[in-house]
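The values are calculated or read from the model by the stated rules, or taken from the named source; none is laboratory data. Treat the numbers as computed from the prediction; the structure is a model and nothing was measured. When we count neighbours, we look across all protein chains shown, and the Cβ atoms used for this are built from the backbone with ideal geometry, even at glycine. Just so you know, the surface numbers come from the protein's heavy atoms only, side chains and all, with ligands and any DNA or RNA stripped out. Shrake-Rupley method; radii C 1.70, N 1.55, O 1.52, S 1.80 Å.
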Amino acid sequence: MEEPATREFEMSLSDGASDDDMPLTLPTEGSHSGSIRKGCDPFAQTQRSKLQHRRARINQQINKEMLMRAGAENLFRATTNNKVRETVALELSFVNSNLQLLKEELEELNSNMEVYQTDSEAVNVPMIPLGLKETKEVDFTVSIQDFICEHYGEDSSLYDKEIKELMELRQAMRTPSRNQAGLELLMEYYNQLYYLDQRFFPPHRNLGVHFHWYDSLTGVPSCQRALAFEKGSVLFNIGALYTQIGARQDRSATAGIDRAIDAFQRAAGAFNYLKENFSNAPSLDMSGPSLCMLVRLMIAQVQECVFERVTLTTQDIHFTSQLSLAQEAARVSDVYLLVQQTMTQPLMKDYVPFSWASMVQVKSEHFRALSHYYTAVALCDHMSPVASAEEKEQHEEEAEKAFLQFYVSTPLGPSLSQVLQDPEKRRKLGKAHLRRAVIRHEEAMRVHGLCKILRKMDILQDVLSLTHKRSLDKYSELDREDDFDETAEAPEIQSQTHQKPDITPTNFSTVQVTDIFQRLGPLSVFCARARWGPVRLICLQRREGGLGLTLRGDSPVLVAGVIPGGCAAEAGLREGDYIVAVDGQDCKWAKHGEVVNMLKSCSESGVELSVVTLHSHDTQVCERRAIMLSNCGDKENARQRLLGATKGQSSASLLNWNRKKKREGSSVTKRLGSTFSLSFGSIRDAEDMY
């Protein structure tokens, strides 16, 4: 169930830009983790920034109109006065009309693909990028301060610097630059959310922080308290930013094409990861059908880049090379046809911008026309590629073999071998392919003309016109006055590719982060899911027999045993206590040897220990959850365990952003429960007595 957004935007946003964006450095004075990530200046007057300002303004207006509509609908249902009902019904019609106009305006902005394209003068078909999801500012201050006081029993003012750093990181994340630095900024915040969830989001209570995000295409606001909603939205923006980086590449050279391929494959990986590992999305852009459509769209754009690279790298004009180009073009057409079918599904039909659906259809027709054109060129222009008889025979065998596998099904009439040997038959078959090419070109131009937004894209118009004219000119060359026979129907071309697109998973480990709130202590103990008693002060004075306690482990050091009648037992120290400070010096992260040295160097007046005790019942609950987590094969949980493994930290599931669904899968490490589940006698070799 969605909650309507109730707060207005406090600032306009820029959804990333390139070199013309003004970088905005994060102030990180004295921050322990020292993040130096940068966001963009949200007020920079670049084309992309202006576009995003307009999107933000429309999102605010949509939000306001939806609140008005909700209020009017409630009044309409509640009142029995016919006069009032008529007035409210009239008001509702005005509100719905305004909403429709706003959504159409937003669709036009989302369809403004030219803003994200490269500045290169090369004539390439434009790619389809995504704008970033927008979000309102979130103030964690009060919620985190209260939680630190209540749950951790510490003075929250000591963590003002950490809270400020978290707030600045999220603020910068809203305006990532359109390059690798912007991606790393989003990934840093994404990874930091893992620690935030562990520290401050217990399963048994709500932190009271609301996350407001707007649908990328419709601007419809969604609000949830689940941190997974925040995490999923950031992951969506990682994929969207990859699409913008891919669209901006100069594809007139192979290096730019390779960068575009890599970006679109990584975008597909981000959307696919989101689709497979998150559920119950509150906004349509992150629903299963939408993400499936986006993955297929990215794969199609990768396939288009592969075709462009093959076109650039094909230096020879031999028969088989032209057939290969034709099959590559047919492959691009097939994958765009699949995207088109996905976009026409019931849920997606009214959601996907009309310009996107039109662009996909144009590309499908355009590349099908190119496949027929290159086939005609192969048949009519490349009869004998080599001079010597021996090489000619060898190439003819290769050409015949390639041609026999070229069509989806064997065409009627003369065999393909006979066609290759007869120049006139080759000319007629080539003419048939050109006829199909011209028809497809004209269909692409017709669909292009139906979309107002596409008509404004001069570069797309140039591409369609040039290729159409080229096919017409070629057809005129092959057409003869004595061709009285009706042109045969060209067979369907078997699509094939030299490089199958990959879905490249997002590698979150490339951006290493440090837990901003690590001063609270190791996550294995000091997490939101663990419960312990208040900090106790224990005063110990050394006797002849020592302090009378057994210590084990590091960070924090555990009191594994207390000798009955000893100094520690009389002072109130208990087995299972964790030592968090010695003589006021914090030692939550201290190693075993460091704590031992502190105890040995105590003065004659004794030593003061600050200790905490975990509640056994909650520990056993956490342990059961850890077992449940270890048995589930969830990829997201596996990655989170990997993220915390190097620091001996716990993992948590952020897979479900439905607030009403019970959260499962949270855990702590075995080390947390070992105090109560393992006998001390079995691990004496790991303990030392003092």
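Structure values in brief
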{"item": "Out-of-range pairs (alpha-carbon distance over 31 Å; input LYS231/LYS363; LYS83/LYS349; LYS161/LYS591; LYS428/LYS452)", "result": "LYS231/LYS363; LYS83/LYS349; LYS428/LYS452"}
{"item": "Probe 1.4 Å - accessible area at CYS539, Å² to nearest ten", "result": "90 Å²"}
{"item": "Rounded accessible area per residue of the range 529-620, 1.4 Å, Å²", "result": "46 Å²"}
{"item": "Whole-Hz ³J(HN,Hα) from phi, Karplus 6.51 cos²θ - 1.76 cosθ + 1.60, for the range 301-309, glycine and proline x", "result": "5, 4, 5, 5, 5, 4, 4, 4, 5"}
{"item": "Listed residue (VAL142, TYR194, LEU158) projecting farthest to the positive dipole end of the range 139-225, Cβ model", "result": "TYR194"}
{"item": "Accessible area of SER409 in the full protein assembly, 1.4 Å probe (Å², nearest 10)", "result": "80 Å²"}
{"item": "For peptides 558-571, 215-228, 580-593, sequence by mean Cβ density within 10 Å, most packed first", "result": "215-228, 558-571, 580-593"}
{"item": "Sequence of SER417, SER333 from largest to smallest accessible area, 1.4 Å probe", "result": "SER417, SER333"}
{"item": "Stokes-Einstein translational diffusion, the range 399-515 - Kirkwood Rh over all Cα pairs, 0.692 mPa s, 37 °C, in µm²/s", "result": "181 µm²/s"}
{"item": "Convex hull volume of the range 529-620 per residue (C-alpha atoms, cubic angstrom)", "result": "95 Å³"}
{"item": "Solvent-accessible area of LEU404 with every protein chain in place, 1.4 Å probe, in Å² to the nearest 10", "result": "100 Å²"}
{"item": "Inter-site label distance for SER157 and GLU442 at 7 Å from Cα along Cβ, in nm", "result": "8.1 nm"}
{"item": "Computed magnitude of the charge dipole of the range 249-364 (debye, nearest 20; Cβ of K, R +1, Cβ of D, E -1)", "result": "160 debye"}
{"item": "Built amide H within the under 5 Å cut-off of LEU549, gap 5+", "result": "ILE563, TYR690"}
{"item": "Compactness of the range 129-252 - radius of gyration and Dmax, Cα, Å", "result": "16.2, 61"}
